[in-house]
1. Within the bounds of the range 93-103, is there any residue that is open to solvent by 10 Å² or more (accessible area, probe 1.4 Å), assigned to a helix (DSSP H, G or I) and not hydroxyl-bearing (S, T, Y)?
2. Inside the range 203-225, can you point out the residues that are open to solvent by 50 Å² or more (accessible area, probe 1.4 Å) and polar (S, T, N, Q)?
3. Among the residues of the range 231-250, is there at least one that is open to solvent by 30 Å² or more (accessible area, probe 1.4 Å), in contact with an Asp or Glu (Cβ under 6 Å, 6 or more places away or on another chain) and under 25 Å from H30 (Cβ atoms)?
4. Would you tally the residues in the range 109-144 being within 16 Å of the ligand (Cβ to nearest atom), without any contact (Cβ under 8 Å) to a residue 12 or more places away in the chain and either part of a loop (DSSP other than H, G, I, E, B) or hydrophobic (A, V, I, L, M, F, W, C) (or both)?
5. Does T83 meet the test of being of a type in the set (S, T, N, Q) and either more than 13 Å from the ligand (Cβ to nearest atom) or in contact with a strand residue (DSSP E or B) (Cβ under 7 Å, 6 or more places away or on another chain) (or both)?
6. Under 7 Å between Cβ atoms, at least 6 apart or on separate chains: pull out the pairs that start in the range 145-164 with a residue that is more than 16 Å from the ligand (Cβ to nearest atom) and end on any residue that is open to solvent by 60 Å² or more (accessible area, probe 1.4 Å).
7. Identify the single condition in (1) at pLDDT 95 or above; (2) among the charged types (D, E, K, R); (3) within 16 Å of the ligand (Cβ to nearest atom) that R50 does not satisfy, given that it satisfies every other one.
8. Name the single residue, out of those in the range 177-202 being within 16 Å of the ligand (Cβ to nearest atom) and over 14 Å from A225 (Cα atoms), that is surrounded by the fewest Cβ atoms within 10 Å (Cβ to Cβ).
Amino acid sequence: MLVISERVNGLFGAVGKAIDKRDGKWIQEHALYQLECGATVLDVNTGPGREDGPAAMDWLVRTIQDVTEATLCIDTPGLKTMTAGLRAAKNPVIMNSTTAERKRMDALFPLCREHGAEIICLTMDEKGIPNDAETRTELAMTMVTVAMEHEIMPDRLLLDPLVLPIKAAQDQGMKVVKAIGMFQALNEPPIRTVVGLSNVSNGCKDRPMVNRTYLAMLLGAGLSAAILDPEDQLLMETVKTGQVLRNEKLYCDDFLRA
Ligand code: THG
């Protein structure tokens with residue numbers, strides 16, 4: 001399973017402040033800490049409500065690249081901010097993300113192709129997020145087809161069924177697990193899947209408990225990647241145990257100490 005850190009995100013107060021002050025040293029230490037904790041990819045998001053989005057993303061990508069070669073996942077709905085991130089990146093990135101809206105696909109897939117990137121496809125359209133697994137799967141198929149029209153092969157896609165807060169949409173939890181299973185039947189070999197895990201526990205009292213339980217359920221359904229908090233040690237132990245149980249890591253008696 002691919003671990004993508006959610007914490008290089010201007011949504012978090014300390015990160016937002018460091019971006020505002022252009023405190024490169026703080027960002028670099030914070031980014032390296034995410035990798036020490038076990039993330040292999042960094043989701044990079046300048047945060048909401050920012051007027052200097054493209055400039056902030058350019059700075060953030062360059063600052064992080066100065067200390068690590070780790071893959072970056074450029075997380076923004078803004079086309080200009082996405083373009084700034086792609087231009088600043090030395091190595092291929094993961095674009096986060098497109099939706100199944102025609103105008104977004106027609107803008108984002110050409111950028112993906114031009115920059116040799118991978119891209120997360122959110123299963124939503126102008127009507128919003130579907131409330132069943134079947135419609136999510138139809139939107140996924142649309143994005144796979146349109147991506148191929150743009151000469152982007154399925155192995156460069158990550159399908160995201162969109163996790164919703166269990167507190168607001170309790171019926172959606174198992175539908176997302178089902179969608180993860182259904183997505184894998186769309187292509188051979190199966191297309192990779194990803195979720196923003198912490199969405200599920202928004203507004204919950206014991207967020208870590210909800211996050212790690214849900215991760216275990218999604219891993220059972222075949223999830224390939226997750227944007228999550230690698231600083232959560234119990235969650236990272238769930239990741240490692242899941243990898244052993246899925247036969248991705250060699251079993252040994254004391255693997256948790258490794
Ligand atoms: N899919 C994809 N990308 C995504 C998401 C997704 N990117 C954003 C998000 N969802 C994943 N990242 C986060 C980051 C933080 C939180 C949740 C998901 C979070 N933050 C605290 C909160 O909102 O309560 C903020 C705490 C603070 O302010 O300190 O929960 O689904 N492709």
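1. So far as the range 93-103 goes, yes, one or more of its residues are open to solvent by 10 Å² or more (accessible area, probe 1.4 Å), assigned to a helix (DSSP H, G or I) and not hydroxyl-bearing (S, T, Y).
2. First, the residues of the range 203-225 that are open to solvent by 50 Å² or more (accessible area, probe 1.4 Å): 205-209, 212-213, 216-217, 220.
Scanning the range 203-225 gives a single hit, T213.
3. For the range 231-250, residues open to solvent by 30 Å² or more (accessible area, probe 1.4 Å), in contact with an Asp or Glu (Cβ under 6 Å, 6 or more places away or on another chain) and under 25 Å from H30 (Cβ atoms): absent.
4. The total comes to 1.
5. yes
6. Cβ pairs passing all conditions: H150/R113; E151/R113; I152/R113.
7. With respect to (1) at pLDDT 95 or above; (2) among the charged types (D, E, K, R); (3) within 16 Å of the ligand (Cβ to nearest atom), R50 is out only on (1).
8. Of the residues in the range 177-202, the ones within 16 Å of the ligand (Cβ to nearest atom) are 177, 179-180, 183, 191-202.
Next, from what is left, pick out any that are over 14 Å from A225 (Cα atoms): 179, 199-202.
Values: A179: 28, N199: 17, V200: 25, S201: 21, N202: 14.
Going through the qualifying residues, I end up with N202.
The values are calculated or read from the model by the stated rules, or taken from the named source; none is laboratory data. Owing to the predicted nature of the structure, the values given are computational and were not obtained by experimental measurement. Every residue, glycine as well, gets a Cβ built from its backbone with ideal geometry; the counts of neighbours run over all protein chains shown. Please note that ligands, DNA and RNA were not included when accessible areas were found on the heavy atoms of the full protein model with its side chains. Shrake-Rupley method; radii C 1.70, N 1.55, O 1.52, S 1.80 Å.
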